[in-house]
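Derivation of every value follows stated rules applied to the coordinates shown; laboratory data play no part. All values derive from a computational prediction rather than experimental measurement. Neighbour counts run over all protein chains shown; Cβ positions are idealised from the backbone, glycine included.
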Amino acid sequence: MKNLKPKIIAVVGTKKSGKTTTIENLIKELTRRGYKVAAIKHVPEPNFTIDTPGKDTWRYAQAGATTIVSASAKEIATIEKTSLETITLDALLEKCGDNDIIFIEGLKKKIAKKPNIHKIAVTRTMDEALTATETYKPILAFSGAYNTENLNFETPYADSMKDAEKLANIIEEKLLKK
């Protein structure tokens, strides 16, 4: 199931709409099917750090290191001290390495109308669905609490909370089996 380039899917929606759960359910389903999946998550809190103050990696950064690699028995983490404003979306995607699919949550300004990044719009209301059609292009599918089928969109609907398999089928049919 190896693709030459990974397929990039941004999961978009308002706060608390179910974006994280949608990605989580799709990762479970698509990895079950044998795909290698990566995920990029934008953390909007301005002072968030993955590093722990006082730990060695934190101390290295405080001393001036701009890249710190932490290697343990079961994971390797790279911490780069740089601003999100100075990094391109392509540079973030390159960090996802050798995967079939890359999910993105957040980074709305970087992904909104990029034609090579398909979107899954997670919506709770009709207004959110209509706003998504104006804000994001292209939309691969709708998901979430609000069923868009009654709006007669050409775009399919599948609620990932109840039927992640159906949403994964849409991804496979439209993006992965070409």
Inset, instruction - Report the FRET efficiency, 1/(1 + (r/R0)^6), for T66 and L175, where r is their Cβ-Cβ distance and R0 is 25 Å, rounded to 0.05. - result: 0.10
Legend entry - Qualifying aspartates and glutamates (Cα of each under 13 Å from Cα of K15; at least 8 residues distant if same chain): E105, E128
Legend entry - Anchor K55: lysines whose Cα lies under 26 Å away (excluding residues fewer than 8 positions away in-chain): K41, K74, K81, K95
Inset, instruction - Output the antiparallel fraction of DSSP beta bridges having both residues in the chain, as a percent to the nearest 5. - result: 20 percent
Inset, instruction - Could you size up the charge dipole of region 103-167 around its Cα centre, putting +1 on the beta carbon of Lys and Arg and -1 on that of Asp and Glu, and report it in debye to the nearest 20? - result: 460 debye
Legend entry - Highest-fluctuation residue, L167, L89, L30 considered, GNM on the chain with Cα pairs under 10 Å: L89
Inset, instruction - Note down the magnitude of the dipole of the chain about its Cα centre, charges +1 on Lys and Arg C-beta and -1 on Asp and Glu C-beta and zero elsewhere, to the nearest 20 debye. - result: 240 debye
Legend entry - Farthest positive-ward along region 1-111 dipole, Cα basis, beta-carbon charges - from T82, N25, F103: N25
Inset, instruction - For the chain, go through all pairs of different Cα atoms, get the mean of 1/r, take its inverse, and jot down that Kirkwood value in Å. - result: 17.6 Å
Inset, instruction - Can you list which of the chymotrypsin sites (Phe, Trp or Tyr not before Pro) found in region 41-110 are DSSP loop residues with at most 15 other C-beta atoms within 10 Å? - result: F48
Legend entry - Positive-end residue of S70, N169, V12, charge dipole of the chain with Cβ unit charges: S70
Legend entry - Longest DSSP-loop-exposure-free segment, GluC sites (Glu not before Pro), the chain, at most 15 other Cβ within 10 Å: 76-153
Legend entry - Residues V69, V12, sorted so that the one with the fewest Cβ neighbours within 10 Å comes first: V69, V12
Legend entry - Under 13 Å from the Cα of K5 - aspartates and glutamates, other chains or at least 8 residues apart: D90, E94, D98, D100
Legend entry - Links that overshoot a 19 Å alpha carbon limit, given the list K16/K162; K19/K166; K19/K109; K19/K108; K16/K137: K16/K137
Inset, instruction - Name the residue, out of A121, A145, A158, whose mean-square fluctuation peaks in a Gaussian network model built on the chain with Cα pairs under 10 Å. - result: A145
Inset, instruction - Please build a GNM for the chain, connecting alpha carbons under 10 Å apart, and tell me which residue among N116, N147, N25 fluctuates the most. - result: N116
